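> Pasting in a structure now, in structure tokens, and then I'll have a few things to ask.
The values are calculated or read from the model by the stated rules, or taken from the named source; none is laboratory data. Just so we're clear, the structure is a prediction, and the values are computed from it rather than from any experiment. Because the Cβ atoms are built from the backbone with ideal geometry, glycine has one as well, and the counts that use them run over all protein chains shown. When the accessible area is computed, the model is the full protein with side chains, heavy atoms only, and any ligands, DNA or RNA have been set aside. Shrake-Rupley method; radii C 1.70, N 1.55, O 1.52, S 1.80 Å.
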Amino acid sequence: MSQQVQGVIAPGKNQPVRVETIVVPDPGPGEAVVKIQACGVCHTDLHYKQGGINDDFPFLLGHEASGIVESVGEGVTDVAPGDFVILNWRAVCGSCRACLRGRPQYCFNTHNAQQKMTLLDGTELSPALGIGAFAEKTLVAAGQCTKVDPAVSPAVAGLLGCGVMAGIGAAINTGNVGRGDSVAVIGCGGVGDAAVVGARLAGAAKIIAVDIDDRKLATARTMGATHTVNSRSQDAVEAIRELTGGNGADVVIEAVGHPETYKQAFYARDLAGTVVLVGVPTPDMTLELPLLDVFGRGGALKSSWYGDCLPSRDFPMLVDLHQQGRIDLGAFVTETIAPDEVEQAFARMHEGDVLRSVVEF
């Protein structure tokens with residue numbers, strides 16, 4: 001029997017979000033209903049509200065979440081009612097060309113729930129990233145549920161569902177940062193700071209944080225940055241080169257998603273170094289680089305999708321590292337809020353006042 005719960009929707013492009021009653025159906029084959037405990041306010045949710053993803057309004061926002069499995073549908077064996085899970089938007093299929101090549105982190109056919117959640121009048125909702133977790137309960141594909149140690153704080157665990165995983169994975173998975181490497185991170189919001197944490201975890205010797213906001217640079221230092229550069233007052237490329245013996249960094253992680261900062265990343269890396277784009281650009285953005293420079297500098301230009309993570313492998317590992325005190329995921333939680341405070345949280349995010357606001361249910 002379907003349930004009625006409260007959830008945060010984006011009714012139309014750039015319209016204020018609001019809390020409404022939504023209808024959550026019973027799980028069908030391969031599906032699960034999850035009682036949400038916490039969900040981070042991610043920049044991707046703001047992109048949905050602004051129409052920057054697509055125009056399939058109304059959206060049920062929220063995707064960076066943790067909670068308890070309440071019920072499962074036919075054929076579900078990997079999770080059961082009562083399991084504490086982090087929700088993910090990479091439910092690998094196991095049968096696409098990437099999965100068959102042993103690269104499930106690039107799965108091209110990830111699963112979402114087949115049934116739709118709706119408003120009371122029957123209007124179908126588009127769940128953000130196939131999750132829709134700014135709600136008391138949500139319906140997802142069972143493969144979107146990753147079991148982790150239930151002793152971890154739900155507010156902390158949920159952040160691995162998107163931004164923190166994206167940043168850490170950009171360093172340890174996509175960038176392949178190694179012991180002794182020099183790393184520069186351009187853009188020190190939640191994802192950029194997570195990349196700093198990932199670089200430190202991987203053993204980087206020098207971690208250079210770049211931003212235009214001194215508050216963010218100060219936070220990046222607490223996360224493990226060894227040097228900071230305010231690119232409003234310094235030339236970021238020249239500063240990174242100066243800090244790396246004139247050579248440039250081994251790995252430069254661009255966590256903004258803008259052509260100008262990408263160019264900075266491109267020219268701030270060492271010869272044969274690696275650029276990792278984890279910042280999400282908008283559809284209208286274009287990039288122009290001299291092809292001779294692309295050839296002549298060698299190395300690798302990579303995009304990091306979800307930190308190239310495999311949730312079943314990476315979520316439990318990072319929770320364990322947090323529980324051991326080897327990384328401090330709690331440092332990303334700036335505040336906890338109620339569902340009706342999401343609109344204000346977007347404003348604080350835009351002003352750079354928070355790393356993460358987390359909605360608690």
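> Taking the options 164, 156, 148, 177, name whichever one is within 23 Å of residue 197 (Cα to Cα) and touching a Pro at 6+ places or on another chain (Cβ under 8 Å).
Working: 164 fails: touching a Pro at 6+ places or on another chain (Cβ under 8 Å); 156 fails: touching a Pro at 6+ places or on another chain (Cβ under 8 Å); 177 fails: touching a Pro at 6+ places or on another chain (Cβ under 8 Å).
Step by step, each of 164, 156, 148, 177 is checked, and only 148 is within 23 Å of residue 197 (Cα to Cα) and touching a Pro at 6+ places or on another chain (Cβ under 8 Å).
> With the condition being surrounded by fewer than 17 Cβ atoms within 10 Å (Cβ to Cβ), I'd like the helices (runs of 4 or more DSSP H) fully within the range 79-192 carrying at least 1 qualifying residues. Reasoning before the result, please.
Details: elements: 97-100, 154-158, 163-169.
Result: 97-100.
> Answer yes or no: is there a residue in the range 276-287 that is crowded, with 16+ Cβ neighbours inside 10 Å, farther than 25 Å from residue 7 by Cα and out of contact with any helix residue (DSSP H, G or I) (no Cβ under 8 Å at 6 or more places or on another chain).
Taking every residue of the range 276-287 in turn, none turns out to be crowded, with 16+ Cβ neighbours inside 10 Å, farther than 25 Å from residue 7 by Cα and out of contact with any helix residue (DSSP H, G or I) (no Cβ under 8 Å at 6 or more places or on another chain).
> Counting only residues that are open to solvent by 30 Å² or more (accessible area, probe 1.4 Å) and assigned to a strand (DSSP E or B), which one in the range 56-70 is farthest from residue 359 (Cα to Cα)?
Filtering the range 56-70 down to residues open to solvent by 30 Å² or more (accessible area, probe 1.4 Å) leaves 56-57, 68, 70.
When the remaining residues are screened for being assigned to a strand (DSSP E or B), the result is 68, 70.
Working: 68: 15, 70: 19 Å.
Among those that are open to solvent by 30 Å² or more (accessible area, probe 1.4 Å) and assigned to a strand (DSSP E or B), it is 70.
> With respect to residue 250, determine if the residue is closer than 24 Å to residue 169 by Cβ, out of contact with any helix residue (DSSP H, G or I) (no Cβ under 6 Å at 6 or more places or on another chain) and touching a residue at least 24 places away in the same chain (Cβ under 8 Å).
It is true that residue 250 is closer than 24 Å to residue 169 by Cβ, out of contact with any helix residue (DSSP H, G or I) (no Cβ under 6 Å at 6 or more places or on another chain) and touching a residue at least 24 places away in the same chain (Cβ under 8 Å).
> Something else: Taking the condition open to solvent by 30 Å² or more (accessible area, probe 1.4 Å), modelled with pLDDT under 95 and over 27 Å from residue 251 (Cα atoms), does residue 340 pass? Talk me through it step by step, then tell me what you get.
Working: open to solvent by 30 Å² or more (accessible area, probe 1.4 Å): yes; modelled with pLDDT under 95: no; over 27 Å from residue 251 (Cα atoms): yes.
Criteria not met by residue 340.
> Would a scan of the range 59-67 turn up a residue that is of a type in the set (A, V, I, L, M, F, W, C), farther than 26 Å from residue 312 by Cα and touching a residue at least 40 places away in the same chain (Cβ under 8 Å)?
Let us first name the residues in the range 59-67 that are of a type in the set (A, V, I, L, M, F, W, C), namely 59-61, 65.
From what is left, the residues that are farther than 26 Å from residue 312 by Cα are 59.
Subset that is touching a residue at least 40 places away in the same chain (Cβ under 8 Å): 59.
Yes, the conditions are met somewhere in the range 59-67.
> Looking at residue 324 and the list (1) more than 20 Å from residue 147 (Cα to Cα); (2) more than 21 Å from the chain's Cα centre (by Cα); (3) among the polar types (S, T, N, Q), which single condition is not satisfied?
(1)
> So, one more: Does the range 289-301 include one or more residues that are closer than 30 Å to residue 7 by Cβ and surrounded by 15 or more Cβ atoms within 10 Å (Cβ to Cβ)? If you could, list the steps in order and put the result at the bottom.
Our first condition is that a residue be closer than 30 Å to residue 7 by Cβ; within the range 289-301, this holds for none.
So far as the range 289-301 goes, no, none of its residues is closer than 30 Å to residue 7 by Cβ and surrounded by 15 or more Cβ atoms within 10 Å (Cβ to Cβ).
> Still on this structure: For the range 44-55, name all the residues that are open to solvent by less than 70 Å² (accessible area, probe 1.4 Å) and of a type in the set (D, E, K, R).
Quick first cut of the range 44-55, residues open to solvent by less than 70 Å² (accessible area, probe 1.4 Å) only: 44-49, 51-52, 54.
Within the range 44-55, 45, 49 meet the criteria.
> Take the range 252-285 and flag every residue that is of a type in the set (Ser, Thr, Tyr) and under 18 Å from residue 193 (Cα atoms). Even if it seems obvious, please write down each step before you answer.
First, the residues of the range 252-285 that are of a type in the set (Ser, Thr, Tyr): 261-262, 267, 274, 282.
261, 262, listed by residue number.
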